[in-house]
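Structure record follows, encoded as C-alpha cells.
The values are calculated or read from the model by the stated rules, or taken from the named source; none is laboratory data. Predicted model, so just to flag it, every value in this text is computed and none were measured. Here Cβ is always computed from backbone atoms with ideal geometry, including for glycine, and neighbour counts include all displayed protein chains.
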Amino acid sequence: MKQIPEHFETTPIVYAVGKNYQIMVPVNCETLMWAEVGGKCFYDDVNGILRSNCTTHRMTVPMDRLDAAGEYKICYRVVNERKPYYSDVSDVLEYSSKFYSVREDGARFYHIADTHNQVDKPVAAAKAFGEIDFLILNGDLPDHSGDIKNFTTIHRIAAEITDGEKPVVFSRGNHDMRGIYAENIAEHTPTDKGNSYYTFRLGSIWGMVLDCGEDKPDDHIEYAHTICCADFRKRELKFIKKVIENAHKEYEAEGIKTKIIVAHDPFTEYLSKQVSEEDMETYKKWAKLLREYIKPHVMICGHVHQAYITNVGDELDNLGQACPVVVGSAPGTKISLAPRGVWQPNVYVGVGFEVRNAKIEVDFVGNNGSTYKSESISFQSK
C-alpha cells in the first residue's frame with residue numbers, strides 16, 4: 001500500500017455508486033476535507049458546513065469528471081479545536097492520487113466477501129489473481145458492527161488492493177447488521193442517498209447491488225426484535241421496478257455489454273424453511289423481475305463460505321434464477337454445510353472475473369496463489 005498521511009487510516013478509496021464516485025477517507029483525528037478533481041472542489045459538507053465530527057469522510061464526484069481527469073487530490077485541515085468563533089485549524093494539507101477508469105472493451109475484477117475481520121489473506125488472494133480494473137467487496141468483511149473500528153476493515157482491504165487508484169463496489173452483508181453500530185454503517189460505507197442498494201456502471205459493465213439484509217426471519221430469537229428486514233426488502237422490490245422503468249438509462253443504456261448483480265446472499269437458493277413465507281414471496285418477485293426484464297449475465301454472491309457456480313435449473317436453483325450464480329468466498333474457517341465446491345482449510349479463496357467478447361472467465365483463486373477451479377460463462381451481448 002502507498003505511503004499515507006499520518007492523519008489517514010488508509011489511502012482514500014473510490015467507491016462506485018450510480019453515476020458518481022464516492023471518495024471515502026477514514027481518519028484518526030478531526031479534519032475538514034474536500035476533493036479536487038479537474039479544477040473543481042467537492043466538499044464533505046452538510047448544507048454548507050464542513051464536517052469534522054466524523055471518522056470517515058465522503059466526497060461525491062461525477063464519474064465522467066474523475067474518469068476524464070485520471071487523478072484527484074484530497075485537501076484537508078486538521079482541527080485542533082472547533083469553536084463557535086475563531087476555530088483553531090491547520091493550514092491545508094494535500095494528498096494526490098492517480099485514478100484509472102474501467103475501459104470499455106472488457107475488464108478484470110476480483111470479488112471478496114466473508115472475511116470476518118481477516119485482511120492479509122483476502123488481500124493476498126486478490127493479488128494472486130493479478131492486475132484488476134475494479135474490486136467487489138460483498139459483505140461480512142467485519143465480523144460484526146459491535147465495534148466502530150471494524151468498519152476500517154472494509155477500507156483497509158479496499159485500500160491495500162486498489163491503492164485508491166481503481167473503483168470499488170461495496171455491498172452490505174448480514175453480519176454487518178449486528179451490533180450497536182450497525183445503524184451507523186451507512187455513515188462509513190457508500191450508499192445511494194442512504195440506501196444500501198443501487199446501480200452502477202463501470203466501462204461497459206452495468207451492475208445492481210441488492211441487499212438481502214439478515215438471513216433469517218425478523219422474529220428469530222437471534223435478533224431480539226432489532227430488525228425489520230421484511231419491510232426493507234419490499235422497499236427494495238420497488239427500487240428494482242423503478243430501475244426497470246428507467247431501463248434506457250440503466251441496463252439498456254448505450255455501450256452496456258455486460259450486466260451483473262451483486263448480492264451478499266445467494267437468495268435464489270432459499271427454501272421456505274429458511275425464511276418466512278412473506279420473505280419467500282418477496283424473493284420470488286425479485287427473481288422474476290431479474291429473469292424477465294433485467295436478464296443479467298451473472299449474479300455474484302458470498303455468504304455461504306464456499307466457492308461454486310450454480311447454473312439455471314440446477315439443484316440449488318429454487319426460485320428461478322435469471323443467470324449463473326457465482327458464490328465466491330471460502331474463508332477457510334468453519335463451514336456449516338457439506339462442501340459444495342471449493343473450500344480449503346486455512347486458505348482464503350475468492351473469485352476473479354475477466355469479461356471480454358461476450359464471455360466471463362471465472363477463476364477461484366486462493367491467498368496461496370493456487371487456482372482451484374476455472375469456468376467460462378458465455379452469453380449474447382447486444
Review point. What do you reckon, is Tyr86 loosely packed, with under 13 Cβ neighbours inside 10 Å, part of a loop (DSSP other than H, G, I, E, B) and at pLDDT 95 or above?
Key: yes
Review point. Within segment 258-297, can you find the residues that are within 24 Å of Thr115 (Cβ to Cβ) and either out of contact with any Lys or Arg (no Cβ under 8 Å at 6 or more places or on another chain) or surrounded by fewer than 23 Cβ atoms within 10 Å (Cβ to Cβ) (or both)?
Key: Ile260, Ile261, Val262, Ala263, Asp265, Pro266, Phe267, Thr268, Glu269, Tyr270, Gln274
Study note, to complete from the structure: In segment 298-335, residues that are surrounded by fewer than 21 Cβ atoms within 10 Å (Cβ to Cβ), modelled with pLDDT under 95 and among the β-branched types (Val, Ile, Thr) total 2
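Taking the residues in segment 3-56 that are hydroxyl-bearing (Ser, Thr, Tyr) and free of Cβ contacts under 8 Å to residues at least 40 places away in the same chain as candidates, determine which candidate is farthest from Asp192 (Cα to Cα).
The initial filter retains those residues of segment 3-56 that are hydroxyl-bearing (Ser, Thr, Tyr), namely 10-11, 15, 21, 31, 43, 52, 55-56.
Next, from what is left, pick out any that are free of Cβ contacts under 8 Å to residues at least 40 places away in the same chain: 43, 52.
Working: Tyr43: 17, Ser52: 22 Å.
The selected residue is Ser52.
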Practice item. Report, by residue number, each residue of segment 354-369 that is within 18 Å of Val119 (Cα to Cα) and either without any contact (Cβ under 8 Å) to a residue 24 or more places away in the chain or over 23 Å from the mean Cα position of the chain (by Cα) (or both). Key: Asn368, Gly369
Practice item. Would you check which residues across segment 1-19 are surrounded by fewer than 20 Cβ atoms within 10 Å (Cβ to Cβ) and out of contact with any Lys or Arg (no Cβ under 8 Å at 6 or more places or on another chain) and list them? Key: Met1, Lys2, Gln3, Ile4, Pro5, Glu6, His7, Gly18
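Please state which one of Lys234, Lys284 is of a type in the set (Lys, Arg), part of a helix (DSSP H, G or I), under 18 Å from Met177 (Cα atoms) and touching a residue at least 12 places away in the same chain (Cβ under 8 Å). Spell out the reasoning first.
Numbers: Lys284 fails: under 18 Å from Met177 (Cα atoms).
Within the list Lys234, Lys284, the selection yields Lys234.
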